[in-house]
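First the structure, in the form of structure tokens, and then the observations on it.
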Amino acid sequence: MSLIEAIDIKRKMYFEYEGAPYHALDVEVSRPTARGGQTLVRIKMRNLVTRAVFDKTFKAGEKFDEPDLVVVPAAFLYADGVGYHFMDQDSYEQLTLRGDMLGDDTQLLVDNLVVQVQKFNGNPIGVQFPPHIELTVTSTEPGARGNTASGSVTKTAKTETGLEVQVPLFIKEGEKIRVHSETREFAGRA
């Protein structure tokens, strides 16, 4: 198993720290101007198990394990009191994630949506979504009214998952739209 040095950690990389898997959200390197000063690496990191996000500073030479992360394609089946259930597309085993592991990403889940489920030491801990998700508009105002004061001609549309998105005035109820999974912004008609 190879080790990763703090100085080599880049944005979006995964690493293990104190026995837990982390995702680097942002990395800032500060090189000292004085001789003998240490290069420090400040990492904004998310614990993939607890979902907690915090900043931590490491010395450049500190080493981390690569986490035992496996990513498997899985289709969303249904949600119940236990959690959100997915079907592993390779093994057909059912994977369950608790609601707190998904946070507001639950607003992106539609039937049979294939996502990448992250497993740490064999247990599902998180989900990576495709760049765009197709959602059906369940309610929106007719096109005449809208937010014209701000200069953008948009209105609010509610989707089948409860997600609210700003859409152009021509979008009607029942239409399928594409939404950026990262920013939750309208990305066009589906």
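A short reminder: the numbers here are calculations on the coordinates, not readings from a lab. It should be emphasised that the depicted structure is a prediction, and the values quoted were computed from it without experimental measurement. Note: ideal-geometry Cβ built from the backbone for every residue, glycine included; neighbour counts use all protein chains shown.
For region 59-86, the set of residues classified as loosely packed, with under 12 Cβ neighbours inside 10 Å and not hydroxyl-bearing (Ser, Thr, Tyr) consists of 61, 80, 81, 82, listed by residue number.
Filtered by the rule that a residue be closer than 26 Å to residue 166 by Cβ and outside any strand (DSSP E or B), region 112-139 gives 113, 129, 130, 131. Among the residues of region 13-25, those identified as within 12 Å of residue 66 (Cα to Cα) and in a strand (DSSP E or B) are 14, 15, 16, 17, 20, 21, 22, 23. Of all residues in region 26-58, those satisfying the criterion of being closer than 20 Å to residue 69 by Cα and exposed (fewer than 15 other Cβ atoms within 10 Å of the Cβ) are 26, 50, 51, 52, 53. With respect to the conditions (1) assigned to a strand (DSSP E or B); (2) closer than 26 Å to residue 127 by Cα, residue 41 falls short on a single one, namely (2). Can you name every residue in region 97-114 that is out of contact with any Pro (no Cβ under 7 Å at 6 or more places or on another chain) and among the β-branched types (Val, Ile, Thr)? Result: 106, 110. Can you confirm whether region 87-100 contains a residue that is part of a strand (DSSP E or B), under 15 Å from the mean Cα position of the chain (by Cα), closer than 21 Å to residue 188 by Cβ and in contact (Cβ under 8 Å) with a residue 12 or more places away in the chain? Scanning region 87-100, I find no residue that is part of a strand (DSSP E or B), under 15 Å from the mean Cα position of the chain (by Cα), closer than 21 Å to residue 188 by Cβ and in contact (Cβ under 8 Å) with a residue 12 or more places away in the chain, so the answer is no.
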